[in-house]
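The values are calculated or read from the model by the stated rules, or taken from the named source; none is laboratory data. These numbers were taken from a predicted model, which means no experiment stands behind them. Cβ coordinates were reconstructed from backbone atoms using ideal geometry, including for glycine residues, and neighbour counts include every protein chain displayed. Side chains included, ligands, DNA and RNA excluded: accessible areas come from the protein's heavy atoms. Shrake-Rupley method; radii C 1.70, N 1.55, O 1.52, S 1.80 Å.
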Amino acid sequence: MRLVLLGPPGAGKGTQSTRLQERYSIPQLSTGDMLRAAVKAGTPIGLQAKAIMDAGGLVSDEIVVGIIADRISEPDAKNGFILDGFPRTVKQAEELTTILHEKGMDLDAVVELEVDDKALLARIEKRAQETIDRGETVRADDNPEAFKKRLEAYHAQTAAVSGYYKSKGALKGVDGMAPIDAVSKAIAQALAG
Ligand code: AMP
């Protein structure tokens, strides 16, 4: 199963990807997680990406496509993967199609979590508070200002990715406002259908 999970920041892509990873025994590939690891490790890519990420902007297509091309070539992604947070631009989506075709592969489905902006801001504030309550460090971009920027980047660049997959007939929309278990169920139904 090769799957893309689309949706605005805070829509629950991470939570649902983790569940899908267990259900299908395929890795969850999050470009956000990979970039945060690069920032933490202080790699050249991390150094380049840090300021952009902290401000809620998008890292260059070239960098993220390179990261994903390498990652999906790893042995654990041979039987499939869930892409979480990638592609975020139409250019990334086109490049992904090319990379997969070169390997004789294609996506099986693209699921979009549909959530409205007002609910997202409330969710991100809750996520930051829950992280603090667990005694963990809040993501540098989980503050209202950076989040607003991330949402703007989503509407300006990522929303068009849905259109790209819709035109290919691959897009399945799921109500991301429902409780977590109901969203998981709706995704399972969309994938079975
Ligand atoms: P996420 O964890 O998916 O919310 O990603 C956190 C941040 O990493 C984003 O706000 C971007 O700055 C960067 N990022 C993650 N994935 C991508 C991508 N596919 N293209 C560009 N920037 C990305």
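Observations on the model:
- Among 154, 165, 24, residue whose mean-square fluctuation peaks in a GNM of the chain (springs only between Cα atoms under 10 Å): 24
- Solvent-accessible area of residue 139, all protein chains in place: 70 Å² (probe radius 1.4 Å, heavy atoms, ligands and nucleic acids excluded).
- Summarising the overall dimensions of the chain from its C-alpha atoms, the Rg and Dmax are 16.0, 46 angstrom.
- Accessible area per residue in Å² at 1.4 Å probe, computed on the chain: 52 Å²
- Ignoring lysines fewer than eight residues from residue 148 along the same chain, the ones with Cα atoms less than 19 angstrom from its Cα are 13, 50, 118, 126.
- Under 5 Å, built H, 5+ apart or other chain: amide partners of residue 29: 82, 83, 84
- Whole-Å semi-axes of the ellipsoid equivalent to the stretch 1-86 (Cα gyration tensor, √5λ, descending): 22, 15, 10
- Note on residue 91 and residue 156: the extension gain reaches 22.1 nm, defined as 0.36 nm multiplied by sequence separation minus the Cα-Cα distance.
- Distance between the 7 Å Cα→Cβ label points at residue 181 and residue 134: 2.0 nm.
- Taking amide H positions as modeled 1.01 Å from N, with prolines and chain starts lacking one, the residues under 5 Å from residue 6 and 5 or more places away or on another chain are 111, 112, 113.
- The portion of the accessible surface of the stretch 19-101 made up by carbon and sulfur, rounded to a whole percent, is 53 (1.4 Å probe; DNA, RNA and ligands excluded).
- Solvent-accessible ranking of 17, 73, largest area first, probe 1.4 Å: 73, 17
- Note on the chain: with charges restricted to the Cβ of Lys and Arg (+1) and Asp and Glu (-1), its dipole about the Cα centre is near 140 debye.
- Using a simple spin-label model with pseudo-atoms 7 Å out from Cα toward Cβ, residue 24 and residue 114 lie 2.1 nm apart.
- With a cut-off of 13 Å on the backbone N, the residues of the stretch 7-35 near the modelled label site 7 Å out from residue 1 along Cα-Cβ are 16-28.
- Given R0 = 35 Å, the distance between the Cβ atoms of residue 43 and residue 168 translates into a calculated FRET efficiency of 0.55.
- Applying both filters, DSSP loop and at most 13 other Cβ atoms within 10 Å, to the trypsin sites (Lys or Arg not before Pro) of the stretch 99-131 gives 103.
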